[in-house]
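The values are calculated or read from the model by the stated rules, or taken from the named source; none is laboratory data. As the structure is a prediction and not an experimental result, all values here were calculated from the model. Cβ: placed from backbone, ideal geometry, glycine included. Neighbour counts: every protein chain shown.
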């Protein structure tokens with residue numbers, strides 16, 4: 001159907017929407033390595049993981065052979081509130097760059113959580129409800145994941161306890177208030193509500209908290225309360241499975257209008273968006289049916305892919321969670337304080353790590369001032385103020401389009417615009433005021449961090 | 001085509017989009033009264049208004065006979081970035097209320113300005129550019145209009161000078177930063193940059209400013225600088241003309257799917273959204289082709305329609321702008337400090353005022369705690385956190401739907417959801433914390449304000 005005129009924004013019809021998630025692992029020749037018990041270093045199975053995660057989600061986490069999982073009707077119902085998301089032909093950006101390249105982006109930000117995180121939040125809340133649970137716990141940094149989860153829990157009438165890194169809780173009160181509108185309880189972490197929180201507060205009075213500490217508190221509460229489980233918004237295999245909805249819709253829209261991307265670009269923190277966007281395209285690549293270039297874009301201040309080690313590491317700073325084999329900077333790595341956006345996680349999805357190790361995907365690191373420069377241009381010409389995270393992908397897409405301008409190639413570039421920056425104006429203010437700076441960790445810093453990697457047999 | 005299955009969200013195809021704005025005045029039997037010169041009380045014509053507004057916009061302002069104005073191609077190009085906006089079937093809200101009523105809403109918030117204001121901003125910027133101007137000036141309170149205008153000016157490479165009420169400039173820095181991303185200069189008002197600003201600062205050192213003062217500064221700059229004009233985001237006839245795009249899209253979507261609204265509801269501050277939404281439907285009503293109930297919803301703390309006088313009044317607090325015949329609380333009226341949302345204007349569009357005076361439209365006033373209650377319910381079940389302004393319409397739509405529940409009537413209710421509340425979280429926080437209060441002005445307060453109305457011959 002390549003003869004269809006391509007509209008500026010492609011919205012699939014309800015009847016064209018995906019009804020199953022795609023599990024890329026089923027088609028991967030080299031499967032991602034299993035999670036290991038941090039004490040025994042043995043692979044963790046269903047019984048090991050179910051005290052922490054919902055049963056159905058553990059099954060999804062461990063399943064690397066089933067290619068498709070039907071999306072339950074209740075989740076499809078919720079998806080229709082904000083999906084399909086549009087695939088946009090960025091013709092204003094093309095014109096501004098004067099490039100012969102064709103640029104498309106899949107825009108996931110038109111919902112109140114402001115990002116793609118809702119795609120997995122609603123799935124995780126659904127399975128918790130189906131299991132008869134009372135509620136879930138989680139951690140959040142800037143608050144995108146916490147907001148998404150609070151919306152999902154509100155929809156299924158589940159209790160939602162969010163541990164929000166204290167510095168964000170205080171400096172970003174507006175996302176906190178969005179979560180409260182949705183009925184979530186939001187606790188600044190570390191807190192007096194958990195043993196680990198009290199311990200940390202005793203050792204470090206006045207600490208502003210960290211994601212690792214918030215994870216530990218959320219896990220402690222989930223495993224200690226009857227009828228609760230812990231949920232996580234990125235990194236995990238189950239999250240990439242749910243996020244495949246992004247790629248499946250994108251692929252359907254491309255197929256409908258005869259769009260064949262040459263390069264597919266996504267920002268990468270823990271990998272939830274990138275993994276979701278590329279899934280069906282990467283599936284074609286690993287099955288040998290088509291070829292694409294994939295580019296993961298990460299902050300130069302937190303360069304897991306480009307400077308990390310592919311090794312087993314702790315998923316949390318507290319070193320209590322399972323070990324995952326991934327590109328990692330070490331579980332104690334914390335990006336420089338001048339780093340304004342998200343994408344701060346020290347590790348990376350095991351699925352994406354394996355694909356990168358196998359040479360199926362490229363990665364590049366970009367500095368934040370160049371990211372905000374791209375964000376500003378994009379906001380002005382395409383009319384949407386992007387999230388700092390998403391703007392990493394914009395930066396790379398612009399750079400590829402400018403290369404096409406030099407060579408005259410009419411490549412088709414597709415990128416994921418994961419969200420909007422409406423709650424990130426403090427970072428934009430720094431950029432507007434010309435006081436934003438860059439930081440690249442030194443080799444010495446990284447070596448010190450790698451020294452903390454667990455010793456494997 | 002009533003047999004088409006109605007999707008949850010109706011997006012018109014690009015080929016189905018309106019190509020002309022509808023000028024309701026052309027069909028009104030009683031035309032809105034003309035603007036008068038504040039000194040002479042004589043009707044203002046083209047030559048009187050062109051020092052302040054762009055020529056083409058003055059023509060639109062004065063034209064009450066031409067029913068349609070073609071939308072220039074450049075504006076249609078910009079519209080496609082964020083239009084069509086979806087007409088949403090609020091089935092989750094219906095279910096939550098247990099009402100037999102059908103509820104639809106036209107959602108204008110999915111753009112970075114966060115509201116419908118962009119529809120007129122881009123038109124006004126276009127005509128300024130076409131006239132060869134260098135830039136425009138305006139005032140903004142909370143910042144929705146200023147944001148929309150800064151986006152529009154950036155698109156056409158026009159300078160944009162925004163005078164932002166000082167208290168908002170300081171308390172709502174994030175909208176200010178969005179405007180700066182789009183290259184606008186934002187000045188807290190009153191400022192030292194104008195004669196009127198210096199005069200006010202001298203008389204009231206430390207004043208936190210007002211919309212009326214910001215208007216005066218913006219007009220002074222526009223009329224004093226070569227190549228500049230002043231623009232305004234509501235109240236004016238030209239604004240309602242541009243905003244008719246909301247109603248035209250809604251009508252096209254309704255017609256496509258055989259939806260026949262019984263009741264059409266919009267929030268009303270200056271009238272830009274309400275006027276735009278109802279235009280084509282009201283056109284049918286005044287031409288005797290169909291009947292609808294129209295309900296304007298305003299804050300009980302700023303009740304222009306329900307408690308104001310239909311009289312000639314100043315459009316600004318400074319009493320330098322033209323006189324308009326409208327429902328007004330008096331140009332010195334300022335809503336109580338506890339009023340959290342927008343819809344603060346003392347007057348109302350002359351078009352809507354005439355329709356209300358002629359009994360073609362109803363109005364009701366609602367208190368803000370009940371508005372935020374409706375907003376919270378809507379956010380939870382429909383997944384979008386609404387602007388406080390828009391939530392006035394939600395409140396009335398819910399109330400009408402609950403009446404249907406009592407009577408068993410299956411009425412079709414349509415309302416305008418003008419925007420999102422992402423920059424209004426301070427107000428939501430008050431509601432979350434249970435410290436939001438209501439205030440209804442006393443008769444004595446209003447009488448004192450009415451005493452300031454200009455004495456007409």
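Per-residue answers, yes or no, for (1) within 15 Å of the chain's Cα centre (by Cα); (2) at pLDDT 95 or above; (3) buried (at least 23 other Cβ atoms within 10 Å of the Cβ):
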| site | (1), (2), (3) |
| --- | --- |
| A:94 | no, yes, no |
| A:99 | no, yes, yes |
| A:105 | no, yes, yes |
| A:112 | no, yes, yes |
| A:118 | yes, yes, yes |
| A:130 | no, yes, no |
| A:133 | no, yes, no |
| A:137 | no, yes, yes |
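Just a yes or no: is a residue in segment A:185-203 surrounded by 21 or more Cβ atoms within 10 Å (Cβ to Cβ), within 14 Å of chain B (Cβ to nearest Cβ) and more than 28 Å from residue A:44 (Cα to Cα)?
yes
What's the number of the only condition in (1) on the phi > 0 side of the Ramachandran plot; (2) facing another protein chain (nearest Cβ under 10 Å) that residue A:175 fails to meet?
Against the list (1) on the phi > 0 side of the Ramachandran plot; (2) facing another protein chain (nearest Cβ under 10 Å), residue A:175 comes up short only on (1).
A quick yes/no check of all residues on (1) touching a helix residue (DSSP H, G or I) at 6+ places or on another chain (Cβ under 7 Å); (2) surrounded by 23 or more Cβ atoms within 10 Å (Cβ to Cβ); (3) not in a loop (DSSP other than H, G, I, E, B):
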position	(1), (2), (3)
B:291	yes, no, no
B:296	yes, yes, yes
B:313	no, yes, yes
B:334	no, no, no
B:341	yes, yes, no
B:348	yes, yes, no
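Name every residue in segment B:350-368 that is in a loop (DSSP other than H, G, I, E, B) and within 29 Å of residue B:424 (Cα to Cα), in order of residue number.
B:367
Does segment B:392-404 contain any residue that is closer than 29 Å to residue B:330 by Cβ and modelled with pLDDT under 95?
Within segment B:392-404, none of the residues are closer than 29 Å to residue B:330 by Cβ and modelled with pLDDT under 95.
Do we find that residue B:216 is within 24 Å of the chain's Cα centre (by Cα), surrounded by 19 or more Cβ atoms within 10 Å (Cβ to Cβ), on the phi < 0 side of the Ramachandran plot and modelled with pLDDT under 95 in this structure?
Yes; evaluated as a whole, the condition is true for this residue.
Go through segment A:371-395 and count every residue that is more than 15 Å from residue B:180 (Cα to Cα) and within 17 Å of the chain's Cα centre (by Cα).
8
Would you check which residues across segment B:241-284 are under 23 Å from residue B:328 (Cα atoms), outside any helix (DSSP H, G or I) and out of contact with any strand residue (DSSP E or B) (no Cβ under 9 Å at 6 or more places or on another chain) and list them?
B:270, the sole residue that qualifies.
Of all residues in segment A:75-110, which are more than 10 Å from every other protein chain (Cβ to nearest Cβ), in contact with a strand residue (DSSP E or B) (Cβ under 8 Å, 6 or more places away or on another chain) and more than 25 Å from residue A:402 (Cβ to Cβ)?
Correct list: A:85 only.
Just name the residue that is farthest from the chain's Cα centre (by Cα) out of those in segment B:318-332 that are crowded, with 21+ Cβ neighbours inside 10 Å and within 30 Å of residue B:435 (Cβ to Cβ).
So the residue we want is B:330.
Checking the structure you have, find out if any residue of segment B:151-163 is in contact with a strand residue (DSSP E or B) (Cβ under 7 Å, 6 or more places away or on another chain), part of a loop (DSSP other than H, G, I, E, B) and in contact (Cβ under 8 Å) with a residue 40 or more places away in the chain.
no
Taking the residues in segment B:418-444 that are free of Cβ contacts under 8 Å to residues at least 12 places away in the same chain and either away from chain A (no Cβ under 14 Å) or not in a loop (DSSP other than H, G, I, E, B) (or both) as candidates, determine which candidate is farthest from residue B:347 (Cα to Cα).
Once the filter is applied, the top-ranked residue is B:432.
Which numbered condition trips up residue A:154, out of (1) under 28 Å from residue B:86 (Cα atoms); (2) crowded, with 24+ Cβ neighbours inside 10 Å?
(2)
Just name the residue that is farthest from the chain's Cα centre (by Cα) out of those in segment A:400-417 that are buried (at least 19 other Cβ atoms within 10 Å of the Cβ) and assigned to a helix (DSSP H, G or I).
Checked segment A:400-417; the qualifying residue farthest from the chain's Cα centre (by Cα) is A:404.
Out of the residues in segment B:48-77 that are closer than 22 Å to residue B:118 by Cβ and free of Cβ contacts under 8 Å to residues at least 12 places away in the same chain, state the one that is surrounded by the fewest Cβ atoms within 10 Å (Cβ to Cβ).
So, considering only residues that are closer than 22 Å to residue B:118 by Cβ and free of Cβ contacts under 8 Å to residues at least 12 places away in the same chain, the one surrounded by the fewest Cβ atoms within 10 Å (Cβ to Cβ) is B:73.
Under the condition of being within 9 Å of chain A (Cβ to nearest Cβ) and outside any helix (DSSP H, G or I), which residue from segment B:369-394 is surrounded by the most Cβ atoms within 10 Å (Cβ to Cβ)?
B:385
Which pairs have Cβ atoms under 6 Å, sit 6 or more apart or on different chains, and link a residue in segment B:4-22 that is within 10 Å of another protein chain (Cβ to nearest Cβ) and buried (at least 16 other Cβ atoms within 10 Å of the Cβ) to one that is at pLDDT below 90 and assigned to a helix (DSSP H, G or I)?
Close Cβ pairs (under 6 Å, with a partner that is at pLDDT below 90 and assigned to a helix (DSSP H, G or I)) amount to B:7/A:14.
Which of the residues that make up segment A:191-223 are in a helix (DSSP H, G or I) and free of Cβ contacts under 8 Å to residues at least 12 places away in the same chain?
A:198, A:199, A:201, A:202, A:203
Between a first residue in segment B:275-286 that is surrounded by fewer than 20 Cβ atoms within 10 Å (Cβ to Cβ) and a second residue that is in a helix (DSSP H, G or I), which pairs have beta carbons less than 7 Å apart while being 6 or more apart in sequence or on different chains?
Final answer for the pair search is B:286/B:27.
Return the residues of segment B:34-47 that are modelled with pLDDT of 95 or more, crowded, with 17+ Cβ neighbours inside 10 Å and either more than 21 Å from residue B:242 (Cβ to Cβ) or under 22 Å from the mean Cα position of the chain (by Cα) (or both); say none if nothing qualifies.
Scanning segment B:34-47 gives B:34, B:35, B:36.
Just to be sure, is residue A:354 under 21 Å from the mean Cα position of the chain (by Cα), touching a residue at least 60 places away in the same chain (Cβ under 8 Å) and crowded, with 24+ Cβ neighbours inside 10 Å?
no
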